[in-house]
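The values are calculated or read from the model by the stated rules, or taken from the named source; none is laboratory data. Keep in mind that what you see is a predicted model, and the values were worked out from it rather than measured. We place every Cβ from the backbone using ideal geometry, glycine too, and count neighbours over all the protein chains shown. Side chains are part of the model used for accessible areas, which takes the heavy atoms of the whole protein and leaves out ligands, DNA and RNA. Shrake-Rupley method; radii C 1.70, N 1.55, O 1.52, S 1.80 Å.
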Amino acid sequence: MKKLKKVLALGMAGAMALSMAACGGTGTSGSTATGDTASGSAAASGDIPTIKWVMVGNGMPSNYDAWLAQVNPYLEEKIGVHVDVEVVGWGDWDTRRNVLVNTAGDYDILFTNLNTYTNDVATGAFLDITDLLESTPDLKASVPDDYWDAMRVNGQIYGVPAMKDSSITQYLVMADDAFEQYAPDYDPTTFTDLTEPELTEALQAITDGSGTAAFPLSSSAATYLTYQYDTLGAGIIGMGVKYNDTTGTVVSIFEQPEITEYLELLRSWYNSGIINSDAATAAEDQSYKAASIAQGWSGAAETTWGPNMGTTVSVAQWGPTIISNDSVRGSISCISNNCQYPEKALQLLEIVNTDTYVRDLFYYGVQGENWDYTDDTKQWVHKNNSDWSMAGYTQGSFFTVTPDDTYDFNQYDEVEQLNAAAEPSVLLGFSMDIEPVRDQVQNCITICEKYKSELLTGTREPSELVPQMMSELEGAGFADVMAEAQSQVDAFLAGNPPAAASAETAAE
């Protein structure tokens, strides 16, 4: 395992002008550079390639043209590129993304994540950037080697991970007003696991007193219950390897004793009203939750989780902090295999990840309208409003963003510390090649998804539902998938022996 490097928030050093033959996009502009550029660059030639970037968010910004008027002259001067961003709404994202990927659609850079990355690579949608990264040294240096390894599929790199909460830390998030009113005898910061009897007692008191489910869920369900298992990039939520199991044993996740205990707990909470009766069919999460599990960092209690619910919250970490392929792949920018000028597309990703001014424009919006620096030192940003509809996590590194002055601390300092201290999965850098069992994998994914909502909300009895699901999985070739996965994991670990686990292993 390569030693994790400290993540560097590097500035762009020097001009990055390359020949027009090494750049690309979906269109061009006749404008010329406003700053110094090398002779023969795209900017100097007067032919500026436009890179189209498609990402998910809250739809197109209302002041998009004003934003382009700020960002494109800067990009033109620095790297001889313009950008055209399409922000697709959350509800339309899956359909739009599928169309783009399956029809070789009109895009140069596409947001993706762990749910689709490996399969899209297998279809040939994305460019292999392994060697191309040498042309963007600042970008390469800004991401630790282990994180680049997490992006590998069959040994090659097809995407740029956003350096954010790239490790997984789960927190039990509890609304202070609910505990103060209905469960004042319980200190929410002392809970360390969902199975503690005192937590159930507190949640029952809140449910009974408020008449509302204290731990509401939606059909997206409590998938975090399995987060300590590396799912190998296969996409089957019921198959994986415990993150610290140095033997690399591939297991049926929903048949593991600790997962069974959590499933039974959810069922008991559902029966007692702690979980809402419509959880398996509810399309949206409730905005207010007396208690929930959320991935993030403790500072998010003050910056995000509490404000989003209109109250203050207390948090307690649940489980270890882990780095795995899945955690690193939470936000990825991939270059289309049909991009005409991939070098320029990668330069755009480099400057977004390493140049603070560009990063602030993408993250906060139009300077002078959505935000501005508080003084000439440019150490803090003041947000004038929250109207900017691009989702910051889809774009690039959190660690290059200038913190806003709403709080007197930089919340991303904690994120960086969590990443640095996280325990790596024994399979960091491994992705299963599903080709030998592609049909079986797809069938197993479909079956797991069919059962997920009812199983992971407590809606049905797990002692009945899990055997029923496993029977269907076996009929779909689950044993073949498990055997193929084990063979590949064994081969990977033979060449990449893991260090001794620092925590209890799956066998314990």
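Using protein chains only and a probe of 1.4 angstrom, how many square angstrom of residue 179 are accessible, to the nearest 10?
10 Å²
Gap in Å between the Cα centre of region 209-232 and the Cα centre of region 278-348?
Centre-to-centre distance over Cα atoms comes out at 14 Å.
Could you grab the relative contact order for the chain? Cα pairs under 8 Å, six or more apart, rounded to a whole percent.
Taking the mean separation of contacting Cα pairs over the length of the chain, I get 23 percent.
Could you work out what % of the accessible surface of the chain is carbon and sulfur, using a 1.4 angstrom probe and leaving DNA, RNA and ligands out of the count?
Ligands and nucleic acids excluded, carbon and sulfur reach 47 percent.
Contact order normalised by length for region 58-208, with contacts defined as Cα pairs under 8 Å and 6 or more residues apart; what percent is it?
13 percent
List the relative contact order of region 327-390 as a percent without decimals, with contacts defined as Cα pairs under 8 Å and 6+ residues apart.
Reported relative contact order: 18 percent.
Can you tell me the order of 389-395, 50-56 when each peptide is scored by its average per-residue count of other Cβ atoms within 10 angstrom, highest first?
50-56, 389-395
Using the crude model of +1 on Lys and Arg Cβ and -1 on Asp and Glu Cβ, and no other charge, please compute the dipole size for the chain relative to its Cα centre, in debye to 20.
Result for the chain is approximately 1120 debye, rounded to the nearest 20.
For residue 94, what accessible area in Å² do you get when you roll a 1.4 Å probe over the heavy atoms of the protein chains, rounding to the nearest 10?
The accessible area of residue 94 comes to roughly 100 Å².
Report, in whole Å, the centroid distance computed from the Cα atoms of region 353-383 and region 459-473.
51 Å
For residue 465, what accessible area in Å² do you get when you roll a 1.4 Å probe over the heavy atoms of the protein chains, rounding to the nearest 10?
0 Å²
State whether region 215-331 is rounded, prolate or oblate according to the following rule on the C-alpha gyration tensor (a ≥ b ≥ c being the square roots of its eigenvalues): a/c under 1.5 gives rounded; otherwise a/b larger than b/c gives prolate, and the remaining case gives oblate.
oblate
When ligands, DNA and RNA are left out and all protein chains stay put, how many square angstrom of accessible area per residue does the chain have with a 1.4 Å probe?
40 Å²
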